[in-house]
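> Please read through the structure below; I'll follow up with questions.
The values are calculated or read from the model by the stated rules, or taken from the named source; none is laboratory data. Quantities reported herein were computed from a predicted structural model and do not represent experimental measurements. Because the Cβ atoms are built from the backbone with ideal geometry, glycine has one as well, and the counts that use them run over all protein chains shown. When the accessible area is computed, the model is the full protein with side chains, heavy atoms only, and any ligands, DNA or RNA have been set aside. Shrake-Rupley method; radii C 1.70, N 1.55, O 1.52, S 1.80 Å.
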Amino acid sequence: MSTESDASSSWLVHQWAVAGIVSAGARFIPIPFVDEMVQGQCRRFVVRQTLSAHKSELTEEDLSLFYSASGGCLSGCAATVVRAPLKLLLFPIRKVVTIFTSVRGVPLEIMRTVLLGRTLDRYLAAGKLEKQNAAGSKGVRQAMQMQSAFENAFAQMDWRTVRAAVKDALGTVDHWKDAAVSSAKQTFDRQDTSSDDIETQPAVRAGAEQVEKVLQRSETLMLFAEFDRRFDEAMNQVG
């Protein structure tokens, strides 16, 4: 993937891609809040698998503020309660918009999920995350800094080339969307969020293999290198 993340096995990258496709598939489920819940489970899965690959003493709970879209439970849960009635009211409109913007949204969700795992993998490989840094206020602050740096770096990037490449890659796999939606529903229905795997269908795994080929392209690697630079720069500014 990059110089600092060469230790990433093809198996681990495949897990990130699978999780990204399942997370993206949740946008097509016509039930309020399901997409956000599946997204959270997929990101948690990515973090867990990456930590396991490095045999890290850290847990996904230690890094929850990094991968949580809401920025953590204290702020996220309260905000969800406040926004819930409005989100329910606007859900039909939001879902139509979400589906019509899937050409852009699906590849971006896959890229976001892959980069989440890749960034964590890179920092673990470089020894920048240790167990003692994840305890107490210092650990909370570090995870929040990583989340903020990730969002800033991701928003600054021009992903158009990769978006098109991912769209074309998935287009070569028959019924990948139906399989992704089915896998997303299974992920939502499963109560055991500590499971070591995501239930997937063959078309999802085939789609992940095609996405992996896009991730290996030189133009994708160049974009990843630029994302790394922006992320590290943001981390250094708050460090």
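> Would any residue of region 215-239 have its amide N under 14 Å from a label point 7 Å out along Cα→Cβ of residue 152? List them or say none.
Zone members listed by number: 228-239.
> Now a separate question. Could you tell me the calculated FRET efficiency between residue 189 and residue 10, based on Cβ-Cβ distance and R0 = 22 angstrom, to the nearest 0.05?
0.15
> Not counting ligands, DNA or RNA, and with a 1.4 Å probe, what is residue 14's accessible surface area in Å² rounded to the nearest 10?
Its heavy atoms expose roughly 30 Å² to the probe.
> Now for a different question. I need the peptides 36-42, 178-184 ranked by packing, meaning the mean over residues of other C-beta atoms within 10 angstrom, with the highest value on top.
Result, highest mean first: 178-184, 36-42.
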